[in-house]
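Reading through the structure tokens given below for one structure.
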Amino acid sequence: MANYDYDLFVIGAGSGGVRAARMAALSGARVGVAEEHRVGGTCVIRGCVPKKFMVYASEFSQAFKAAEGFGWTVGERSFDWPKFIEMKDVEIARLSGIYVTNLKNAGADIAHSRAVLKDAHTVDLTDDKATLTADKILIATGGRPSMPELPGIEHAITSNEAFHLPQLPRRVLVVGGGYIAVEFAGIFNGLGSEVTLLYRGPNILRGFDDDVRSHLAGELERRGIKVILGCEHASIEKTETGLVSHLNSGHDHETDVVMFATGREPYTAGLGLDKAGVKLNDRGAVIVDAYSKTNIDNIWAVGDVTDRINLTPVAIREGAAFAATEFGDTPTTFDHDMVASAVFSQPPIGSVGMTEADARHQHGKIDIYKAIFRPMKMTFYGGEERTLMKLVVDAATQKVLGCHVVGPDSPEMIQMAAIAIKMGVTKQQWDSTCAVHPTAAEELVTMREKYVPPNIGGMG
Ligand code: NDP
């Protein structure tokens with residue numbers, strides 16, 4: 001066997017790369033990791049974690065309203081954006097430090113450098129001006145925001161920059177209708193900015209259940225976000241008073257910040273994957289098999305760079321499965337079916353399994369159970385927000401195929417629902433679970449009446 005510097009070299013110290021590196025190192029392998037930015041990757045540095053802090057910060061505006069409704073006198077309030085950003089950065093630095101410590105404690109070497117493949121076993125550390133060799137290589141470089149090319153796009157920002165704005169913008173135009181767009185629209189709105197959400201399609205959150213999409217769009221508008229659908233940018237112009245978005249509808253929209261949340265692309269450019277012979281798909285994602293192995297025998301890839309399900313816990317499980325297979329003598333694949341996800345919009349969404357449309361397409365006859373209600377806390381102080389709960393059930397087998405919730409705490413609820421649904425729970429078993437009272441979640445186990453759409457009511 002050739003004599004390599006490392007048994008495993010991991011390119012990218014995000015969620016997937018760090019998990020794989022730690023597990024391999026703890027099994028006794030000689031492991032090196034390269035990270036060109038900061039250890040922790042998108043999730044810790046400029047994604048899930050700082051985003052959640054921003055959501056927490058922005059939720060206080062609703063909490064103050066609710067507090068008044070419950071008899072509190074809430075005095076003058078203001079939000080200090082620079083102070084919040086500073087505190088957020090301290091916490092992110094702490095978490096990134098923990099990742100570094102964990103890697104080191106496991107025995108892995110960390111190179112703070114960009115890494116480029118020279119061939120299937122050789123890596124150039126371009127910042128460190130060093131070259132090393134490895135028996136096995138794991139690509140875990142994640143993704144990058146992508147923006148369409150249009151005149152004036154250089155005036156727009158992405159979520160990367162949104163975490164470091166010097167001031168809270170008075171007016172924000174968020175472009176896109178996916179996870180990041182609805183989450184940041186809610187964040188800026190909650191913090192007091194005037195927010196417009198601009199989406200090119202007929203309804204936000206394509207891919208989610210249609211009831212969820214409509215319900216959330218309505219709730220965003222109820223909270224004061226202006227949602228413009230079926231519309232795209234022609235160009236962006238910088239003026240003395242801000243930015244003007246020229247829209248293809250012929251309208252102009254003046255704002256202070258234009259944030260594009262128009263998807264993310266696998267970060268494979270300039271990595272030298274061609275030199276190693278690694279095949280990419282037409283979106284630039286590394287093509288892998290169920291074991292996350294590429295077409296090259298000693299190279300694997302996990303996480304967003306493979307563009308399978310682009311979520312942190314999925315990257316972690318893919319990284320862990322790779323390490324168990326290659327360094328733990330336990331061939332392991334990650335099952336990408338029934339992965340629950342949460343959108344931290346305000347109100348948030350928890351979703352697992354099939355949408356109604358997908359279930360009808362795949363199973364033919366299905367039963368729908370649906371509840372829309374004002375949460376108890378809202379009714380007390382006259383809040384108008386509604387929670388939506390929906391179950392999609394296979395009519396023939398009575399298996400629960402999907403569960404979708406829009407409302408407070410739905411991300412917490414969906415984790416539990418996912419366990420039962422992944423185990424193949426039937427509606428009868430689901431209903432035999434006694435309610436927890438008084439909660440919103442109890443509604444999930446007390447939906448007995450099949451939903452009949454109004455237009456076919458009375459026909460059967
Ligand atoms: P998404 O793929 O979720 O959404 C992208 C949005 O941008 C879609 O609405 C899409 O429209 C629109 N879009 C794409 N291209 C253009 C264009 N050229 N012009 C106008 N609109 C365009 O991507 P995000 O950036 O929101 O998030 C990336 C991924 O990160 C998510 O898919 C998710 O996997 C992950 N993520 C997860 C989070 C969570 O778990 N809570 C939070 C944030 C991100 P259309 O629908 O018409 O294609």
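Any read-out appearing in this document is the output of simple, stated calculations on the displayed coordinates, not a laboratory observation. Keep in mind it's a predicted model, so treat the numbers as computed, not measured. For neighbour counting, all protein chains shown are included, and Cβ atoms are generated from backbone atoms with ideal geometry for every residue, glycine included.
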Calculated diffusion of region 350-460, Stokes-Einstein form, Kirkwood radius summed over Cα pairs, 25 °C and 0.890 mPa s, µm²/s: 168
In whole Å, largest first, the alpha carbons of region 1-88 cover along the principal axes 74, 25, 13
So for the chain, taking the charge dipole from beta-carbon charges (+1 Lys/Arg, -1 Asp/Glu), which of Met338, Ala371, Leu271 sits furthest toward the positive end? Ala371
Rounded to the nearest 500, what is the chain's calculated 222 nm mean residue ellipticity when only DSSP H runs of at least 4 contribute -39500 (n - 2.57) each, over all residues? -10000 deg cm²/dmol
Can you give me the P(r) profile for region 338-410? Cα pairs, bins 10 angstrom wide beginning at 0, each as a whole percent. 21, 42, 27, 10, 1
For the Cα atoms of the chain, what angle does the longest principal axis make with the long axis of helix 410-422, in degrees from 0 to 90, nearest 10? 70
Estimated inter-spin distance, Tyr451 and Lys118, nm [label 7 Å along Cα→Cβ]: 5.9
Of the DSSP beta bridges with both residues in the chain, give the percent that are antiparallel, rounding to the nearest 5. 60
Could you tell me how far the Cα centroid of region 34-83 sits from the Cα centroid of region 348-389, in Å? 26
Run the simple label-point estimate for His164 and Arg360 please: 7 Å along Cα→C-beta, distance reported in nm. 4.7
Two-site FRET efficiency, Arg77 against Arg222, from Cβ-Cβ distance with R₀ of 30 Å, rounded to 0.05: 0.90
Taking Rh as the Kirkwood radius computed over alpha-carbon pairs of region 265-386 and applying Stokes-Einstein at 4 °C with viscosity 1.567 mPa s, one gets a diffusion coefficient in µm² s⁻¹ of 72
Over all distinct alpha-carbon pairs, what is the Kirkwood Rh of region 204-304 in angstrom? 17.8
Sticking with the crude label model, points 7 Å out along Cα→Cβ, report the distance from Phe64 to Gln398 in nm, one decimal please. 5.1
Compactness index (Cα Rg / 2.2 N^0.38 Å), region 66-174: 1.68
Rounded to whole Å and sorted largest first, list the principal axis extents of the Cα atoms in the chain. 73, 63, 45
